[in-house]
């Protein structure tokens, strides 16, 4: 029994990581029908930007600041203007393929210009363990979980309580009508890209001490987050969080009680079952638009 | 299309086919290997083009079907000592059946859920290839896969094997050409263009969509049975999700829904990285940039550019005619 | 468009034929995992090769001729590796270097053997040198020679009667696991838990809790460096105190750097390590660090040694003769006293396997301490 609790806690810690990455997926999908296959790489890159700034001799806090700014510029604004805008009208697929190419390009660029080696990354959360109800949990994992929860609360507040949030929701639900009632649709879409860029930079900051800064670390993350987003519901921020946590826990339980060789299979089977019985995802709402 | 245009196209077709047969004769082994790889990947991409380009369904499992075909060929020819043609039959039936079973529930619900189900299937297939040692030899892979004898000719050498792949590509292309022009093919396109209308015209949309997906998957299996004797060694790694994504990229980049799209897409995916290798460590980066630029320039792929160009020229010609006619009218007394 | 492709390929063919002029540079071809899952392995290997060639050329080359190497990326995919090795062989190199993944070695070694060109590779799977290939050479211990030493240590020194095995589910990890499982059977050591992990895995909680439940006398960890570090951290978190035994990948400097305190107490058999208490190895490490700004893993050493193997063999022959190369290297002993680049005395047997000194080390206060030197057999 104590073993089970251990696994649950560890699963939630990993799941929080997936959830944090998955949130961005759902945001981009909602406002602009963008499936970003490079989302994992988006999380990988900011850490390297920060490392590069530190390499020049800047202190860690400044590196974080510049790293976030560069993320907003490259992964938010640049991504939207250079890749998404020209292709958006042509449907989901060409853009999805282009993000796959982007993922390859980002991995190769980091490998070529930084290193193929994994490098350690300083943690803003002290590296240590705390004991909660007799379970040993690392502070870093708690930090990720706390951030994930804060992100959901923050985003929900933004979307439901502020006028910008209402405009973003209107954009997500029906851009044509939103445009007619005077919502600056373009600016709202840009907002979501900037929010996504900010989130991946934060995620990078918290996850990299655990995953290490490595050009390929986005592969595992991106795929897990994608699956988490589908399971939870592609069109809901809360869905992404629930999906992420669920996948994390299921993965751990599968490794302990089913088979370590097939641990990755269990979340996928879960995904297929969910699609059969609740295609919109656990917390998603059915989509009216056909894609 | 005018008669001269038709002759031009036939002439071009014959020239390309002749070039594919004659030019590689003095290629080295590497060039022949790459061209054989292109032929194999084209077959797999043609299958996906049927699913995606003609029936409008996204499959992220084409790589897994290539894997199933490759393992069928590898296991049957090395352990069972059976001829490749038997493996081909098994691969086609297996992939068709799995495609059908996979698509059935997914298409029950909604359009794009097939993409999600196939995404999951793709990774599941990889895990089975890797973990079921008793059948697939797991991560150690299967070595010494023999190349087949075709009508008494051994295809061990690179050139005969290339002709074998090219011949297979020819047969698959002819079958596909026929399929698309058959009532089935027209039904597939009707589905993609307007599912509601197709339904009202009495087309059983789900059955036809499933059929397109299953046939497309079976072609993945065909490509796999050629891939195994091409490399003569297989392990699970090449058949993971990234092969499925690569094949999807080939279809989109070539021009989804165009008959010759997969030929060009596979050429980009197989040959472009090889060309770019002279840039050493930068070649994959440049490849990625090239694909992005191409898609930005023409999201409908390479053949989309040609299509656009032809349409433009036709409208220009028409407006020129109009202008001439108009000026004549004006100058007429 | 298409004619352009053919022209390109044709050009490649023609330029290939213009190789091998006497007196020109000696051409080597390297095919390695420079992208994909094995990118870290392949990049280390490549960097080791480049460093050795730079050194040798700076001193006037081999028999007065410079060495020249082309690097090709196998994308960690056997199918691509085959194409690149074919391309390399079409250019008739003096010696073929790589690949590092055992699967890619299996698919390419028949091609090199058919061309009669020696292949010096990085793969460690036991079976690679068992097939009677006369042209294939290792740069490190195969698992068939390293694992028995580990098993012996676990039996004799740790006196463990049951061991949990943790391995990474790729050809490297599975190969090691299969060999050591057989060795354990010889000593009647029970495998208490047999746990496969994924490359790139970040969360080892479930795996460690399985070990905890199995309560073994020792744990054998056979995963790559980064995963080793995460595993060690989790083992410490769940308070597992039984001895931890591994290979180079458990006790390397990289693991210590990443795992911190958690690495203390880990032991392992080390065939090639930049931490070896040998002056030449230490000097190599400094040179590598200076050029590439990081400490290489054992793959960096392997690439470096491969080039010095070529140098020593060629100088022994007294001529650049691709056909006689493999015969000369079989049975050859290269002494570090006469060829410092080989770092430690080494002998190659008839199968292409390697015989060299090895070490059993333990991490104490974040430093590798050599507990036992395993002498060279011959």
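What follows is calculated from the coordinates using simple rules that are stated; it is not laboratory data. Note that the structure is a prediction, hence the values are computed from the model and not measured. When we count neighbours, we look across all protein chains shown, and the Cβ atoms used for this are built from the backbone with ideal geometry, even at glycine.
Quick notes
- Residue in the range A:21-38 that is within 14 Å of chain C (Cβ to nearest Cβ), closer than 19 Å to residue A:98 by Cα and part of a helix (DSSP H, G or I) present: no
- Some residue of the range C:133-140 being away from chain B (no Cβ under 14 Å) and farther than 24 Å from residue C:41 by Cα: yes
- Of all the numbered requirements in (1) touching a residue at least 40 places away in the same chain (Cβ under 8 Å); (2) in contact with a strand residue (DSSP E or B) (Cβ under 8 Å, 6 or more places away or on another chain), residue B:216 misses one, and that requirement is (2).
- Within the range A:43-62, none of the residues are within 14 Å of another protein chain (Cβ to nearest Cβ), without any contact (Cβ under 8 Å) to a residue 24 or more places away in the chain and more than 20 Å from residue A:214 (Cβ to Cβ).
- Among the residues of the range B:280-298, those identified as in contact with a helix residue (DSSP H, G or I) (Cβ under 7 Å, 6 or more places away or on another chain), within 17 Å of residue A:110 (Cβ to Cβ) and more than 8 Å from chain A (Cβ to nearest Cβ) are B:283, B:286.
- Condition met for residue B:212 (surrounded by 24 or more Cβ atoms within 10 Å (Cβ to Cβ) and either within 14 Å of chain C (Cβ to nearest Cβ) or not in a helix (DSSP H, G or I) (or both)): no
- Qualifying residues in the range A:84-102 (those that are within 22 Å of residue A:195 (Cβ to Cβ) and in contact with a helix residue (DSSP H, G or I) (Cβ under 6 Å, 6 or more places away or on another chain)) - the one farthest from the other protein chains (Cβ to nearest Cβ): A:95
- Sole residue being outside any loop (DSSP other than H, G, I, E, B) and surrounded by 19 or more Cβ atoms within 10 Å (Cβ to Cβ), chosen from B:199, B:169, B:179, B:174: B:169
- Sole residue being at the interface with another protein chain (Cβ under 7 Å from one of its Cβ atoms) and either assigned to a loop (DSSP other than H, G, I, E, B) or more than 18 Å from residue B:108 (Cα to Cα) (or both), chosen from A:256, A:242: A:256
- Identity of the residue in the range B:123-142, surrounded by 20 or more Cβ atoms within 10 Å (Cβ to Cβ) and under 17 Å from residue B:76 (Cβ atoms), that ends up nearest to the other protein chains (Cβ to nearest Cβ): B:141
- Here the condition is being more than 14 Å from chain C (Cβ to nearest Cβ) and in a helix (DSSP H, G or I); of B:94, B:12, it holds for B:94 alone.
- If you filter the range A:202-216 down to residues that are more than 7 Å from chain C (Cβ to nearest Cβ) and assigned to a helix (DSSP H, G or I), you find that the one that is farthest from residue C:199 (Cα to Cα) is A:202.
- Residues satisfying the stated conditions in the range C:23-72, i.e. within 14 Å of another protein chain (Cβ to nearest Cβ), out of contact with any strand residue (DSSP E or B) (no Cβ under 8 Å at 6 or more places or on another chain) and surrounded by fewer than 22 Cβ atoms within 10 Å (Cβ to Cβ): C:36, C:37, C:47
- Of the listed requirements (1) touching a strand residue (DSSP E or B) at 6+ places or on another chain (Cβ under 8 Å); (2) farther than 30 Å from residue A:120 by Cα; (3) surrounded by 15 or more Cβ atoms within 10 Å (Cβ to Cβ), residue C:333 misses just one: (3).
- Comparison of C:207, C:203 shows that the only residue that is within 27 Å of the chain's Cα centre (by Cα), touching a residue at least 40 places away in the same chain (Cβ under 8 Å) and at the interface with chain A (Cβ under 8 Å from one of its Cβ atoms) is C:207.
- Qualifying residue in the range C:187-199 (condition: in a loop (DSSP other than H, G, I, E, B), in contact with a helix residue (DSSP H, G or I) (Cβ under 6 Å, 6 or more places away or on another chain) and more than 9 Å from chain A (Cβ to nearest Cβ)): yes
- Among the residues of the range A:259-271, the one identified as surrounded by 19 or more Cβ atoms within 10 Å (Cβ to Cβ), free of Cβ contacts under 8 Å to residues at least 12 places away in the same chain and more than 11 Å from chain C (Cβ to nearest Cβ) is A:265.
- Test: residue A:224 is touching a helix residue (DSSP H, G or I) at 6+ places or on another chain (Cβ under 6 Å), closer than 25 Å to residue A:276 by Cα and within 11 Å of chain C (Cβ to nearest Cβ): yes
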